[in-house]
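Working notes, beginning with the structure itself.
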Amino acid sequence: MTESGKVATVSLEGKTASLPVLSGVLGPDVLDIRKIAADLGVFTFDPGYGETASCESKITFIDGGKGVLLHRGYPISQLAEQATFMEVAHLLLNGELPTRAQNDAFVSTIKSHTLLHEQIRNFFNGFRRDAHPMAILCGTVGALSAFYHEGTDISNAASRELSAMRLIAKLPTIAAWAYKYTQGEAFVYPRNDLNYAENFLSMMFAHPSEPYVVNPVLARAMDRILILHADHEQNASTSTVRLAGSTGANPFACIAAGIAALWGPAHGGANEAVLKMLAEIGSKDNIPDFISKVKDKNSGVRLMGFGHRVYKNFDPRAKIMQATCHEVLSELGIKDDPLLDLAIELEKIAIHDEYFVKRSLYPNVDFYSGIILKAMGIPTSMFTVLFAVARTVGWISQWKEMIEEPGQRIGRPRQLYTGSPQRDFPSYDQRG
Ligand code: SDX
(Lines give C-alpha, C1' and ligand atoms only; values in the text may rest on other atoms or scores of the structure.)
Protein backbone atom coordinates (compact mmCIF):
# COMPACT_ATOMS: atom_id res chain seq x y z
CA MET A 1 0.00 0.00 0.00
CA THR A 2 1.26 3.52 -0.70
CA GLU A 3 0.36 6.95 0.59
CA SER A 4 -1.24 8.62 -2.44
CA GLY A 5 -0.14 12.04 -1.25
CA LYS A 6 -3.82 12.95 -1.25
CA VAL A 7 -5.61 13.86 1.99
CA ALA A 8 -9.33 14.01 2.76
CA THR A 9 -10.23 16.68 5.26
CA VAL A 10 -13.22 16.23 7.54
CA SER A 11 -14.34 19.10 9.75
CA LEU A 12 -16.79 18.83 12.63
CA GLU A 13 -17.69 21.46 15.21
CA GLY A 14 -14.49 23.38 14.71
CA LYS A 15 -12.25 20.29 14.72
CA THR A 16 -10.55 19.04 11.54
CA ALA A 17 -9.20 15.62 10.69
CA SER A 18 -6.80 15.09 7.80
CA LEU A 19 -7.30 11.56 6.58
CA PRO A 20 -4.46 10.22 4.39
CA VAL A 21 -5.64 8.53 1.17
CA LEU A 22 -3.93 5.17 0.65
CA SER A 23 -3.63 3.48 -2.75
CA GLY A 24 -3.41 -0.20 -3.57
CA VAL A 25 -2.37 -1.81 -6.86
CA LEU A 26 -5.98 -2.24 -8.11
CA GLY A 27 -9.36 -1.02 -6.90
CA PRO A 28 -10.49 2.10 -5.05
CA ASP A 29 -8.24 4.12 -2.76
CA VAL A 30 -9.05 4.01 0.94
CA LEU A 31 -9.32 6.70 3.59
CA ASP A 32 -7.03 5.96 6.52
CA ILE A 33 -9.37 6.75 9.43
CA ARG A 34 -7.17 5.32 12.17
CA LYS A 35 -6.77 8.78 13.76
CA ILE A 36 -10.34 10.01 13.27
CA ALA A 37 -11.44 9.31 16.86
CA ALA A 38 -8.39 11.16 18.23
CA ASP A 39 -8.87 14.10 15.82
CA LEU A 40 -12.66 14.44 15.80
CA GLY A 41 -13.87 12.38 18.76
CA VAL A 42 -16.14 10.29 16.52
CA PHE A 43 -16.19 6.75 15.13
CA THR A 44 -17.20 5.84 11.58
CA PHE A 45 -20.41 3.81 11.16
CA ASP A 46 -20.65 0.97 8.65
CA PRO A 47 -22.83 -1.96 9.85
CA GLY A 48 -21.82 -5.09 7.91
CA TYR A 49 -18.59 -3.38 6.82
CA GLY A 50 -20.01 -2.95 3.29
CA GLU A 51 -17.89 0.14 2.58
CA THR A 52 -14.96 -0.63 4.89
CA ALA A 53 -11.55 -2.08 4.00
CA SER A 54 -10.82 -4.25 7.03
CA CYS A 55 -7.28 -5.15 5.99
CA GLU A 56 -4.62 -4.98 3.33
CA SER A 57 -4.36 -8.16 1.25
CA LYS A 58 -2.45 -9.46 -1.78
CA ILE A 59 -4.47 -12.63 -2.31
CA THR A 60 -7.70 -11.87 -4.20
CA PHE A 61 -9.03 -8.86 -6.08
CA ILE A 62 -12.68 -8.38 -7.05
CA ASP A 63 -14.09 -5.62 -9.25
CA GLY A 64 -17.82 -5.97 -8.57
CA GLY A 65 -18.82 -3.52 -11.30
CA LYS A 66 -16.87 -5.29 -14.05
CA GLY A 67 -17.33 -8.84 -12.73
CA VAL A 68 -13.57 -9.32 -12.32
CA LEU A 69 -12.06 -11.91 -9.94
CA LEU A 70 -8.26 -12.32 -9.74
CA HIS A 71 -6.27 -14.66 -7.51
CA ARG A 72 -2.76 -13.22 -7.06
CA GLY A 73 -3.40 -11.39 -10.36
CA TYR A 74 -4.59 -14.40 -12.40
CA PRO A 75 -8.19 -14.20 -13.76
CA ILE A 76 -10.48 -16.89 -12.37
CA SER A 77 -11.45 -17.93 -15.91
CA GLN A 78 -7.81 -18.83 -16.74
CA LEU A 79 -7.30 -20.65 -13.45
CA ALA A 80 -10.55 -22.60 -13.86
CA GLU A 81 -9.60 -23.58 -17.40
CA GLN A 82 -5.86 -24.27 -17.03
CA ALA A 83 -4.94 -24.90 -13.38
CA THR A 84 -5.53 -27.70 -10.92
CA PHE A 85 -6.96 -27.00 -7.48
CA MET A 86 -3.59 -27.93 -5.97
CA GLU A 87 -1.84 -25.32 -8.13
CA VAL A 88 -4.41 -22.74 -7.03
CA ALA A 89 -3.92 -23.76 -3.39
CA HIS A 90 -0.16 -23.23 -3.76
CA LEU A 91 -0.81 -19.89 -5.48
CA LEU A 92 -3.14 -18.60 -2.77
CA LEU A 93 -0.92 -19.77 0.08
CA ASN A 94 2.49 -18.82 -1.32
CA GLY A 95 1.80 -16.06 -3.84
CA GLU A 96 2.97 -17.81 -7.01
CA LEU A 97 1.95 -20.76 -9.16
CA PRO A 98 4.25 -23.68 -8.37
CA THR A 99 6.98 -24.93 -10.66
CA ARG A 100 6.52 -28.58 -11.58
CA ALA A 101 8.90 -29.62 -8.81
CA GLN A 102 7.16 -27.34 -6.29
CA ASN A 103 3.79 -28.71 -7.33
CA ASP A 104 4.96 -32.31 -6.95
CA ALA A 105 6.36 -31.51 -3.49
CA PHE A 106 3.17 -29.64 -2.48
CA VAL A 107 0.91 -32.47 -3.62
CA SER A 108 3.11 -35.04 -1.91
CA THR A 109 2.99 -33.10 1.37
CA ILE A 110 -0.80 -32.81 1.15
CA LYS A 111 -1.06 -36.56 0.48
CA SER A 112 1.01 -37.29 3.58
CA HIS A 113 -1.62 -35.60 5.76
CA THR A 114 -4.92 -36.92 4.37
CA LEU A 115 -5.46 -39.49 7.17
CA LEU A 116 -7.13 -38.58 10.46
CA HIS A 117 -6.01 -39.65 13.93
CA GLU A 118 -7.95 -42.88 14.46
CA GLN A 119 -9.33 -41.47 17.72
CA ILE A 120 -11.26 -38.89 15.64
CA ARG A 121 -13.50 -41.64 14.34
CA ASN A 122 -15.05 -41.63 17.82
CA PHE A 123 -16.22 -38.06 17.31
CA PHE A 124 -18.50 -39.11 14.51
CA ASN A 125 -20.27 -41.59 16.78
CA GLY A 126 -21.28 -38.72 19.04
CA PHE A 127 -23.48 -37.20 16.32
CA ARG A 128 -27.03 -38.23 15.46
CA ARG A 129 -27.15 -40.03 12.11
CA ASP A 130 -29.52 -37.32 10.86
CA ALA A 131 -27.14 -34.49 11.84
CA HIS A 132 -26.52 -31.95 9.07
CA PRO A 133 -23.06 -32.68 7.60
CA MET A 134 -22.10 -29.03 8.18
CA ALA A 135 -22.70 -29.55 11.91
CA ILE A 136 -20.44 -32.60 11.83
CA LEU A 137 -17.80 -30.74 9.80
CA CYS A 138 -17.82 -27.72 12.10
CA GLY A 139 -17.56 -29.87 15.22
CA THR A 140 -14.91 -32.24 13.93
CA VAL A 141 -12.65 -29.55 12.43
CA GLY A 142 -12.85 -27.71 15.75
CA ALA A 143 -11.93 -30.99 17.48
CA LEU A 144 -8.69 -31.14 15.47
CA SER A 145 -7.47 -28.42 17.84
CA ALA A 146 -7.57 -31.09 20.56
CA PHE A 147 -5.35 -33.40 18.53
CA TYR A 148 -2.50 -31.23 17.46
CA HIS A 149 -0.39 -29.52 20.10
CA GLU A 150 2.78 -29.48 18.06
CA GLY A 151 2.53 -27.38 14.92
CA THR A 152 0.15 -24.84 16.44
CA ASP A 153 2.76 -22.32 17.55
CA ILE A 154 1.43 -19.66 15.18
CA SER A 155 4.49 -17.49 15.72
CA ASN A 156 6.55 -20.16 13.95
CA ALA A 157 6.43 -20.21 10.12
CA ALA A 158 6.97 -23.96 9.88
CA SER A 159 4.09 -24.54 12.33
CA ARG A 160 1.79 -22.27 10.32
CA GLU A 161 2.72 -24.18 7.16
CA LEU A 162 2.10 -27.53 8.90
CA SER A 163 -1.35 -26.46 10.14
CA ALA A 164 -2.22 -25.21 6.65
CA MET A 165 -1.19 -28.49 5.03
CA ARG A 166 -3.05 -30.55 7.64
CA LEU A 167 -6.27 -28.56 7.13
CA ILE A 168 -6.16 -28.64 3.31
CA ALA A 169 -5.42 -32.37 3.40
CA LYS A 170 -7.91 -33.42 6.07
CA LEU A 171 -10.99 -31.40 5.15
CA PRO A 172 -11.98 -33.75 2.28
CA THR A 173 -11.58 -36.79 4.55
CA ILE A 174 -13.72 -35.27 7.32
CA ALA A 175 -16.27 -34.01 4.75
CA ALA A 176 -16.63 -37.40 3.04
CA TRP A 177 -16.77 -39.25 6.37
CA ALA A 178 -19.48 -36.82 7.57
CA TYR A 179 -21.52 -37.89 4.54
CA LYS A 180 -20.79 -41.61 4.99
CA TYR A 181 -21.74 -41.35 8.68
CA THR A 182 -25.16 -39.85 7.85
CA GLN A 183 -25.71 -42.69 5.36
CA GLY A 184 -24.68 -45.39 7.85
CA GLU A 185 -22.02 -46.46 5.37
CA ALA A 186 -18.45 -47.56 6.06
CA PHE A 187 -15.80 -44.87 5.93
CA VAL A 188 -13.55 -45.03 2.88
CA TYR A 189 -9.95 -44.13 3.54
CA PRO A 190 -8.02 -41.61 1.42
CA ARG A 191 -6.15 -43.02 -1.56
CA ASN A 192 -2.85 -41.37 -2.32
CA ASP A 193 -2.78 -42.77 -5.85
CA LEU A 194 -5.61 -40.36 -6.70
CA ASN A 195 -5.49 -36.57 -7.09
CA TYR A 196 -7.33 -34.28 -4.68
CA ALA A 197 -10.69 -34.21 -6.49
CA GLU A 198 -10.58 -37.91 -7.43
CA ASN A 199 -9.78 -38.81 -3.82
CA PHE A 200 -12.74 -36.80 -2.55
CA LEU A 201 -15.12 -38.51 -4.98
CA SER A 202 -13.65 -41.89 -4.01
CA MET A 203 -14.15 -41.27 -0.28
CA MET A 204 -17.70 -40.05 -0.99
CA PHE A 205 -18.92 -42.81 -3.29
CA ALA A 206 -16.63 -45.86 -3.03
CA HIS A 207 -17.41 -48.84 -0.81
CA PRO A 208 -14.74 -50.99 0.88
CA SER A 209 -16.33 -54.09 -0.64
CA GLU A 210 -15.65 -53.29 -4.28
CA PRO A 211 -13.24 -51.40 -6.55
CA TYR A 212 -14.24 -47.86 -7.49
CA VAL A 213 -13.28 -46.10 -10.71
CA VAL A 214 -13.49 -42.30 -10.69
CA ASN A 215 -15.10 -40.75 -13.78
CA PRO A 216 -12.32 -38.43 -15.07
CA VAL A 217 -14.81 -35.88 -16.43
CA LEU A 218 -16.55 -35.65 -13.05
CA ALA A 219 -13.19 -35.43 -11.29
CA ARG A 220 -12.14 -32.54 -13.57
CA ALA A 221 -15.48 -30.84 -12.95
CA MET A 222 -15.05 -31.33 -9.20
CA ASP A 223 -11.52 -29.88 -9.38
CA ARG A 224 -12.90 -26.83 -11.23
CA ILE A 225 -15.71 -26.38 -8.70
CA LEU A 226 -13.12 -26.42 -5.93
CA ILE A 227 -11.12 -23.72 -7.77
CA LEU A 228 -14.23 -21.56 -8.20
CA HIS A 229 -14.89 -21.67 -4.45
CA ALA A 230 -11.31 -21.37 -3.19
CA ASP A 231 -11.19 -17.74 -2.08
CA HIS A 232 -13.19 -14.56 -2.43
CA GLU A 233 -11.58 -11.55 -0.69
CA GLN A 234 -13.03 -10.48 2.68
CA ASN A 235 -16.40 -12.31 2.60
CA ALA A 236 -18.24 -13.07 5.83
CA SER A 237 -16.58 -16.40 6.59
CA THR A 238 -13.08 -15.18 5.68
CA SER A 239 -13.58 -12.11 7.87
CA THR A 240 -14.67 -14.48 10.65
CA VAL A 241 -11.47 -16.50 10.30
CA ARG A 242 -9.38 -13.31 10.29
CA LEU A 243 -11.08 -11.92 13.39
CA ALA A 244 -10.79 -15.23 15.27
CA GLY A 245 -7.18 -15.59 14.14
CA SER A 246 -6.34 -12.03 15.23
CA THR A 247 -6.70 -13.13 18.87
CA GLY A 248 -4.00 -15.78 18.37
CA ALA A 249 -6.55 -18.61 18.55
CA ASN A 250 -5.73 -22.15 17.46
CA PRO A 251 -5.81 -22.32 13.61
CA PHE A 252 -8.13 -25.36 13.58
CA ALA A 253 -10.59 -23.50 15.83
CA CYS A 254 -10.40 -20.47 13.50
CA ILE A 255 -11.30 -22.59 10.47
CA ALA A 256 -14.19 -24.13 12.44
CA ALA A 257 -15.43 -20.56 13.00
CA GLY A 258 -15.24 -19.94 9.25
CA ILE A 259 -17.25 -23.12 8.60
CA ALA A 260 -19.92 -21.92 11.01
CA ALA A 261 -20.17 -18.54 9.23
CA LEU A 262 -20.24 -20.12 5.77
CA TRP A 263 -23.21 -22.33 6.71
CA GLY A 264 -25.70 -19.43 6.66
CA PRO A 265 -28.14 -19.38 3.67
CA ALA A 266 -27.12 -15.78 2.91
CA HIS A 267 -23.55 -17.03 2.34
CA GLY A 268 -22.30 -20.51 1.53
CA GLY A 269 -25.60 -22.15 2.42
CA ALA A 270 -27.19 -20.54 -0.65
CA ASN A 271 -26.28 -23.42 -2.99
CA GLU A 272 -28.41 -25.77 -0.89
CA ALA A 273 -31.15 -23.10 -0.73
CA VAL A 274 -31.16 -22.75 -4.55
CA LEU A 275 -32.04 -26.42 -4.98
CA LYS A 276 -34.81 -26.13 -2.37
CA MET A 277 -36.10 -23.02 -4.18
CA LEU A 278 -36.11 -24.76 -7.59
CA ALA A 279 -37.93 -27.74 -6.08
CA GLU A 280 -40.54 -25.41 -4.57
CA ILE A 281 -41.05 -23.60 -7.90
CA GLY A 282 -41.48 -26.98 -9.55
CA SER A 283 -42.20 -25.88 -13.11
CA LYS A 284 -41.66 -22.97 -15.48
CA ASP A 285 -45.36 -22.12 -15.26
CA ASN A 286 -44.88 -21.23 -11.60
CA ILE A 287 -41.99 -18.81 -12.23
CA PRO A 288 -44.15 -15.65 -12.62
CA ASP A 289 -45.90 -16.32 -9.29
CA PHE A 290 -42.58 -16.96 -7.59
CA ILE A 291 -41.05 -13.77 -8.99
CA SER A 292 -44.06 -11.81 -7.69
CA LYS A 293 -43.50 -13.31 -4.24
CA VAL A 294 -39.83 -12.28 -4.37
CA LYS A 295 -40.86 -8.71 -5.24
CA ASP A 296 -43.27 -8.63 -2.30
CA LYS A 297 -41.08 -7.47 0.60
CA ASN A 298 -43.52 -8.96 3.12
CA SER A 299 -43.05 -12.45 1.71
CA GLY A 300 -39.48 -12.68 2.98
CA VAL A 301 -38.78 -14.73 -0.17
CA ARG A 302 -35.49 -14.15 -1.97
CA LEU A 303 -34.24 -15.41 -5.33
CA MET A 304 -31.52 -17.63 -3.89
CA GLY A 305 -28.31 -17.74 -5.90
CA PHE A 306 -28.94 -14.17 -7.04
CA GLY A 307 -27.40 -10.97 -5.75
CA HIS A 308 -24.07 -10.21 -4.16
CA ARG A 309 -22.67 -7.62 -1.79
CA VAL A 310 -19.81 -6.89 -4.20
CA TYR A 311 -20.79 -8.06 -7.69
CA LYS A 312 -23.23 -5.62 -9.28
CA ASN A 313 -22.79 -7.52 -12.53
CA PHE A 314 -22.49 -11.22 -13.34
CA ASP A 315 -20.40 -13.18 -10.83
CA PRO A 316 -17.66 -14.48 -13.18
CA ARG A 317 -17.78 -17.80 -11.34
CA ALA A 318 -21.47 -18.23 -12.21
CA LYS A 319 -20.70 -18.10 -15.94
CA ILE A 320 -17.98 -20.75 -15.63
CA MET A 321 -20.25 -22.82 -13.41
CA GLN A 322 -23.04 -22.69 -16.00
CA ALA A 323 -20.66 -23.90 -18.72
CA THR A 324 -19.42 -26.69 -16.44
CA CYS A 325 -23.04 -27.62 -15.77
CA HIS A 326 -23.64 -28.34 -19.45
CA GLU A 327 -20.38 -30.36 -19.68
CA VAL A 328 -21.23 -32.54 -16.68
CA LEU A 329 -24.83 -33.14 -17.71
CA SER A 330 -23.82 -34.15 -21.24
CA GLU A 331 -21.05 -36.40 -19.86
CA LEU A 332 -23.65 -38.05 -17.67
CA GLY A 333 -25.96 -38.37 -20.65
CA ILE A 334 -28.55 -36.17 -18.93
CA LYS A 335 -30.27 -34.55 -21.88
CA ASP A 336 -33.04 -32.59 -20.25
CA ASP A 337 -32.41 -31.86 -16.63
CA PRO A 338 -35.65 -30.24 -15.40
CA LEU A 339 -33.80 -28.35 -12.66
CA LEU A 340 -31.30 -26.88 -15.15
CA ASP A 341 -34.08 -25.98 -17.59
CA LEU A 342 -35.97 -24.32 -14.75
CA ALA A 343 -32.84 -22.45 -13.57
CA ILE A 344 -32.03 -21.22 -17.10
CA GLU A 345 -35.63 -19.99 -17.56
CA LEU A 346 -35.60 -18.35 -14.12
CA GLU A 347 -32.31 -16.59 -14.92
CA LYS A 348 -33.59 -15.48 -18.32
CA ILE A 349 -36.68 -13.90 -16.75
CA ALA A 350 -34.90 -12.38 -13.75
CA ILE A 351 -32.03 -10.70 -15.59
CA HIS A 352 -34.53 -8.82 -17.78
CA ASP A 353 -36.89 -7.90 -14.94
CA GLU A 354 -36.68 -4.27 -13.79
CA TYR A 355 -36.80 -5.30 -10.10
CA PHE A 356 -33.58 -7.28 -10.40
CA VAL A 357 -31.89 -5.02 -12.92
CA LYS A 358 -32.50 -1.92 -10.76
CA ARG A 359 -30.95 -3.72 -7.77
CA SER A 360 -28.09 -5.17 -9.83
CA LEU A 361 -29.10 -8.69 -8.89
CA TYR A 362 -27.41 -11.30 -11.09
CA PRO A 363 -26.62 -15.01 -10.64
CA ASN A 364 -23.80 -15.63 -8.18
CA VAL A 365 -21.53 -18.64 -7.70
CA ASP A 366 -24.29 -20.57 -5.94
CA PHE A 367 -26.94 -20.39 -8.64
CA TYR A 368 -25.68 -23.24 -10.83
CA SER A 369 -23.28 -25.08 -8.52
CA GLY A 370 -26.05 -27.04 -6.84
CA ILE A 371 -27.37 -28.36 -10.15
CA ILE A 372 -23.96 -29.74 -11.11
CA LEU A 373 -23.38 -31.24 -7.69
CA LYS A 374 -26.81 -32.87 -7.67
CA ALA A 375 -26.14 -34.33 -11.14
CA MET A 376 -22.84 -35.72 -9.80
CA GLY A 377 -24.75 -37.50 -7.04
CA ILE A 378 -23.71 -35.14 -4.25
CA PRO A 379 -26.68 -34.80 -1.86
CA THR A 380 -28.00 -31.28 -1.30
CA SER A 381 -26.97 -31.31 2.36
CA MET A 382 -23.34 -31.72 1.22
CA PHE A 383 -23.22 -28.68 -1.09
CA THR A 384 -22.02 -26.23 1.55
CA VAL A 385 -19.66 -28.87 2.94
CA LEU A 386 -17.99 -28.95 -0.48
CA PHE A 387 -17.86 -25.16 -0.48
CA ALA A 388 -16.09 -25.35 2.92
CA VAL A 389 -13.57 -27.91 1.63
CA ALA A 390 -12.61 -25.53 -1.17
CA ARG A 391 -12.75 -22.33 0.91
CA THR A 392 -10.46 -23.81 3.56
CA VAL A 393 -7.60 -23.01 1.15
CA GLY A 394 -8.69 -19.37 1.01
CA TRP A 395 -9.37 -19.15 4.73
CA ILE A 396 -5.98 -20.54 5.75
CA SER A 397 -4.20 -18.37 3.15
CA GLN A 398 -5.92 -15.25 4.49
CA TRP A 399 -5.24 -16.38 8.09
CA LYS A 400 -1.54 -16.87 7.26
CA GLU A 401 -1.36 -13.44 5.57
CA MET A 402 -2.98 -11.82 8.61
CA ILE A 403 -0.70 -13.54 11.14
CA GLU A 404 2.39 -12.65 9.10
CA GLU A 405 1.41 -9.00 8.71
CA PRO A 406 3.88 -6.70 10.51
CA GLY A 407 2.16 -5.02 13.46
CA GLN A 408 -0.78 -7.45 13.36
CA ARG A 409 -3.10 -6.86 16.29
CA ILE A 410 -6.43 -8.10 17.62
CA GLY A 411 -9.51 -6.98 15.68
CA ARG A 412 -11.89 -4.96 17.83
CA PRO A 413 -14.69 -2.96 16.09
CA ARG A 414 -16.52 -0.22 18.04
CA GLN A 415 -20.26 0.63 18.02
CA LEU A 416 -22.92 3.33 18.12
CA TYR A 417 -24.53 2.83 21.55
CA THR A 418 -28.26 3.49 21.61
CA GLY A 419 -29.11 1.73 24.87
CA SER A 420 -30.11 3.13 28.26
CA PRO A 421 -28.13 6.04 29.79
CA GLN A 422 -26.45 5.21 33.13
CA ARG A 423 -28.96 4.43 35.90
CA ASP A 424 -28.83 3.08 39.49
CA PHE A 425 -29.68 -0.44 40.58
CA PRO A 426 -33.38 -0.58 41.72
CA SER A 427 -34.63 -2.77 44.55
CA TYR A 428 -37.42 -5.25 43.72
CA ASP A 429 -40.17 -2.89 44.87
CA GLN A 430 -38.80 -0.13 42.63
CA ARG A 431 -39.02 -2.35 39.54
CA GLY A 432 -41.89 -3.00 37.17
C1 SDX B 1 -21.84 -16.04 -1.38
O2 SDX B 1 -19.22 -12.10 0.03
C3 SDX B 1 -18.90 -13.02 -0.77
O4 SDX B 1 -17.93 -12.92 -1.52
C5 SDX B 1 -19.75 -14.27 -0.70
C6 SDX B 1 -19.46 -15.36 -1.73
C7 SDX B 1 -18.10 -15.97 -1.52
O8 SDX B 1 -17.57 -16.56 -2.48
O9 SDX B 1 -17.60 -15.95 -0.35
O10 SDX B 1 -19.53 -14.83 -3.04
C11 SDX B 1 -20.46 -16.52 -1.61
O12 SDX B 1 -22.21 -15.90 -0.24
C13 SDX B 1 -22.69 -15.65 -2.55
C14 SDX B 1 -24.09 -15.10 -2.12
C15 SDX B 1 -24.99 -16.30 -1.84
N16 SDX B 1 -26.27 -15.85 -1.23
C17 SDX B 1 -27.43 -15.92 -1.91
O18 SDX B 1 -27.52 -16.24 -3.10
C19 SDX B 1 -28.65 -15.56 -1.07
C20 SDX B 1 -29.55 -14.61 -1.86
N21 SDX B 1 -28.83 -13.31 -1.98
C22 SDX B 1 -29.08 -12.34 -0.98
O23 SDX B 1 -29.59 -12.68 0.23
C24 SDX B 1 -28.21 -11.10 -1.07
O25 SDX B 1 -28.12 -10.77 -2.39
C26 SDX B 1 -26.81 -11.15 -0.47
C27 SDX B 1 -26.85 -11.60 0.94
C28 SDX B 1 -25.94 -12.05 -1.27
C29 SDX B 1 -26.25 -9.74 -0.55
O30 SDX B 1 -27.03 -8.98 0.27
P31 SDX B 1 -26.76 -7.40 0.44
O32 SDX B 1 -25.56 -6.94 -0.29
O33 SDX B 1 -26.85 -7.09 1.89
O34 SDX B 1 -27.93 -6.81 -0.37
P35 SDX B 1 -29.22 -6.30 0.32
O36 SDX B 1 -29.79 -7.37 1.18
O37 SDX B 1 -28.94 -4.97 0.91
O38 SDX B 1 -30.19 -6.14 -0.95
C39 SDX B 1 -30.25 -4.94 -1.67
C40 SDX B 1 -31.62 -4.97 -2.31
C41 SDX B 1 -32.74 -5.16 -1.28
O42 SDX B 1 -33.91 -4.62 -1.85
P43 SDX B 1 -34.36 -3.08 -1.42
O44 SDX B 1 -34.37 -3.06 0.10
O45 SDX B 1 -33.26 -2.19 -2.00
O46 SDX B 1 -35.70 -2.88 -2.06
O47 SDX B 1 -31.72 -6.13 -3.18
C48 SDX B 1 -32.69 -7.01 -2.67
C49 SDX B 1 -32.92 -6.65 -1.22
O50 SDX B 1 -34.24 -7.01 -0.82
N51 SDX B 1 -32.13 -8.35 -2.81
C52 SDX B 1 -32.79 -9.40 -3.25
C53 SDX B 1 -31.87 -10.44 -3.30
N54 SDX B 1 -30.68 -10.00 -2.88
C55 SDX B 1 -30.85 -8.71 -2.57
N56 SDX B 1 -34.11 -9.53 -3.62
C57 SDX B 1 -34.44 -10.77 -4.05
N58 SDX B 1 -33.61 -11.84 -4.14
C59 SDX B 1 -32.32 -11.71 -3.76
N60 SDX B 1 -31.52 -12.74 -3.83
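The values are calculated or read from the model by the stated rules, or taken from the named source; none is laboratory data. It should be emphasised that the depicted structure is a prediction, and the values quoted were computed from it without experimental measurement. We place every Cβ from the backbone using ideal geometry, glycine too, and count neighbours over all the protein chains shown.
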Find the strands (runs of 3 or more DSSP E) located wholly in the range 1-79 whose residues include 2 or more that are over 25 Å from Thr238 (Cβ atoms), and list them. 2-12, 15-23
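Between Asn215, Asn199, which is closer than 18 Å to Glu87 by Cβ, touching a residue at least 40 places away in the same chain (Cβ under 8 Å) and either within 16 Å of the ligand (Cβ to nearest atom) or assigned by the TED database to the domain that holds Ile154 (or both)? Steps first, please.
Details: Asn215 fails: closer than 18 Å to Glu87 by Cβ.
Every option except Asn199 fails the conditions.
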For the range 410-427, does any single residue satisfy the condition of being within 24 Å of Ala273 (Cα to Cα), more than 12 Å from the ligand (Cβ to nearest atom), part of a loop (DSSP other than H, G, I, E, B) and within 21 Å of the chain's Cα centre (by Cα)? no
I need the full set of residues from the range 382-409 which are over 18 Å from Leu162 (Cα atoms), buried (at least 16 other Cβ atoms within 10 Å of the Cβ) and more than 15 Å from the ligand (Cβ to nearest atom), in order please. Met382
Condition test on Thr380, is it modelled with pLDDT under 95 and within 20 Å of the chain's Cα centre (by Cα)? yes
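Take Met165 and decide whether it is assigned by the TED database to the domain that holds Ser202, crowded, with 16+ Cβ neighbours inside 10 Å, more than 20 Å from Asn192 (Cα to Cα) and touching a residue at least 24 places away in the same chain (Cβ under 8 Å). Before you say what the answer is, go through the steps one by one.
On the way: assigned by the TED database to the domain that holds Ser202: yes; crowded, with 16+ Cβ neighbours inside 10 Å: yes; more than 20 Å from Asn192 (Cα to Cα): no; touching a residue at least 24 places away in the same chain (Cβ under 8 Å): yes.
No; evaluated as a whole, the condition is false for this residue.
Based on this model, can you work out whether Gly142 counts as in contact with a Phe, Trp or Tyr (Cβ under 7 Å, 6 or more places away or on another chain), surrounded by 16 or more Cβ atoms within 10 Å (Cβ to Cβ) and either farther than 23 Å from Cys254 by Cβ or not small (Gly, Ala, Ser) (or both)? First the steps, then the outcome.
Details: in contact with a Phe, Trp or Tyr (Cβ under 7 Å, 6 or more places away or on another chain): yes; surrounded by 16 or more Cβ atoms within 10 Å (Cβ to Cβ): yes; either farther than 23 Å from Cys254 by Cβ or not small (Gly, Ala, Ser) (or both): no.
Spelling it out, it is not the case that Gly142 is in contact with a Phe, Trp or Tyr (Cβ under 7 Å, 6 or more places away or on another chain), surrounded by 16 or more Cβ atoms within 10 Å (Cβ to Cβ) and either farther than 23 Å from Cys254 by Cβ or not small (Gly, Ala, Ser) (or both).
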Among the residues in the range 305-312, are any among the charged types (D, E, K, R), under 30 Å from Val141 (Cα atoms) and surrounded by fewer than 22 Cβ atoms within 10 Å (Cβ to Cβ)? yes
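If I filter the range 40-63 for residues that are among the small types (Gly, Ala, Ser), surrounded by 17 or more Cβ atoms within 10 Å (Cβ to Cβ) and closer than 29 Å to Arg391 by Cα, do I get at least one hit?
Yes, because at least one residue in the range 40-63 is among the small types (Gly, Ala, Ser), surrounded by 17 or more Cβ atoms within 10 Å (Cβ to Cβ) and closer than 29 Å to Arg391 by Cα.
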In the range 64-74, what residues are within 16 Å of the ligand (Cβ to nearest atom) and either surrounded by 18 or more Cβ atoms within 10 Å (Cβ to Cβ) or not basic (Lys, Arg) (or both)? Gly64, Gly65, Gly67, Val68, Leu69, Leu70, His71
Between a residue in the range 297-311 that is in contact (Cβ under 8 Å) with a residue 40 or more places away in the chain and any residue that is hydroxyl-bearing (Ser, Thr, Tyr) and outside any loop (DSSP other than H, G, I, E, B), which pairs come within a Cβ distance under 8 Å, given they are 6 or more apart or on different chains? Gly305/Tyr368
Taking the options Asp63, Asp39, Asp29, name whichever one is of a type in the set (Asp, Glu) and either free of Cβ contacts under 8 Å to residues at least 24 places away in the same chain or in contact with a Ser or Thr (Cβ under 6 Å, 6 or more places away or on another chain) (or both). Asp29
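Going through Gly65, Gly95 one at a time, which residue ends up being outside the structural domain of Asp231 (by the TED database) and either of a type outside the set (Val, Ile, Thr) or in contact with a helix residue (DSSP H, G or I) (Cβ under 6 Å, 6 or more places away or on another chain) (or both)? Write out each step before concluding.
On the way: Gly95 fails: outside the structural domain of Asp231 (by the TED database).
Answer to the check: Gly65.
Within 26 Å of Val217 (Cα to Cα), assigned by the TED database to the domain that holds Ala219 and within 23 Å of the chain's Cα centre (by Cα): which single residue out of Asp315, Asp341 fits that description? It would help to see each step written out before you state the result.
Numbers: Asp341 fails: within 23 Å of the chain's Cα centre (by Cα).
Just one listed residue meets the conditions, Asp315.
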Taking only pairs six or more apart or across chains, which ones have beta-carbon atoms under 9 Å, a first residue in the range 366-395 that is under 15 Å from Tyr196 (Cα atoms), and a second residue that is part of a helix (DSSP H, G or I) and of a type in the set (S, T, N, Q)? Leu386/Asn271; Leu386/Ser369; Phe387/Asn271; Phe387/Ser369; Ala388/Ser237; Arg391/Ser237; Arg391/Thr238
Any chance the range 250-258 includes a residue that's surrounded by fewer than 19 Cβ atoms within 10 Å (Cβ to Cβ), of a type outside the set (A, V, I, L, M), outside the structural domain of Gly48 (by the TED database) and at pLDDT 95 or above? no
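Matching residues to (1) closer than 30 Å to Tyr74 by Cα; (2) of a type in the set (Lys, Arg); (3) not assigned by the TED database to the domain that holds Gln234:
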residue: Ala8; (1), (2), (3): no, no, yes
residue: Ser18; (1), (2), (3): no, no, yes
residue: Val25; (1), (2), (3): yes, no, yes
residue: Arg34; (1), (2), (3): no, yes, yes
residue: Leu40; (1), (2), (3): no, no, yes
Looking at the range 319-355, which of its residues are without any contact (Cβ under 8 Å) to a residue 40 or more places away in the chain and in a loop (DSSP other than H, G, I, E, B)? Gly333, Lys335, Asp336, Asp337, Ile351, His352
